[in-house]
Amino acid sequence: MRRWFVRLTLGMISGAVLFLFSLVAVHWFGSLLWGGVILGGGLLVGCNIGLEVLKRHYQVTTPQAIFRLLNWS
């Protein structure tokens, strides 16, 4: 569970970075980078949905429960 939580969170972060970088780079390098925008947005949304499903399935919806899951409490 912890491994999936961390992977999905890192997937969301990398998707957001790819999305924003590609969106800015499209302005300078042309329309070839729209694939990166679509891929980054898909990764961001897909990992977000997966993370929410995982959190609800294991009932880890409060910040305190997430900290306990990550052993940060």
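Number of residues in the stretch 6-57 that are exposed (fewer than 13 other Cβ atoms within 10 Å of the Cβ), of a type in the set (Ser, Thr, Tyr) and either within 13 Å of the chain's Cα centre (by Cα) or outside any helix (DSSP H, G or I) (or both): the value is 0. Arg2 fulfils the conditions (1) open to solvent by 100 Å² or more (accessible area, probe 1.4 Å); (2) without any contact (Cβ under 8 Å) to a residue 60 or more places away in the chain except for a single criterion, (2). Say whether the condition of being open to solvent by less than 80 Å² (accessible area, probe 1.4 Å) and under 19 Å from Arg7 (Cβ atoms) is met by at least one residue in the stretch 58-65. Taking every residue of the stretch 58-65 in turn, at least one turns out to be open to solvent by less than 80 Å² (accessible area, probe 1.4 Å) and under 19 Å from Arg7 (Cβ atoms).
The values are calculated or read from the model by the stated rules, or taken from the named source; none is laboratory data. In this text the structure is predicted, and so the values were computed from the model without any measurement. Please note: Cβ atoms are built from the backbone with ideal geometry, for glycine as well, and neighbour counts cover all protein chains shown. Ligands, DNA and RNA are excluded from the accessible area calculation, which covers all protein heavy atoms including side chains. Shrake-Rupley method; radii C 1.70, N 1.55, O 1.52, S 1.80 Å.
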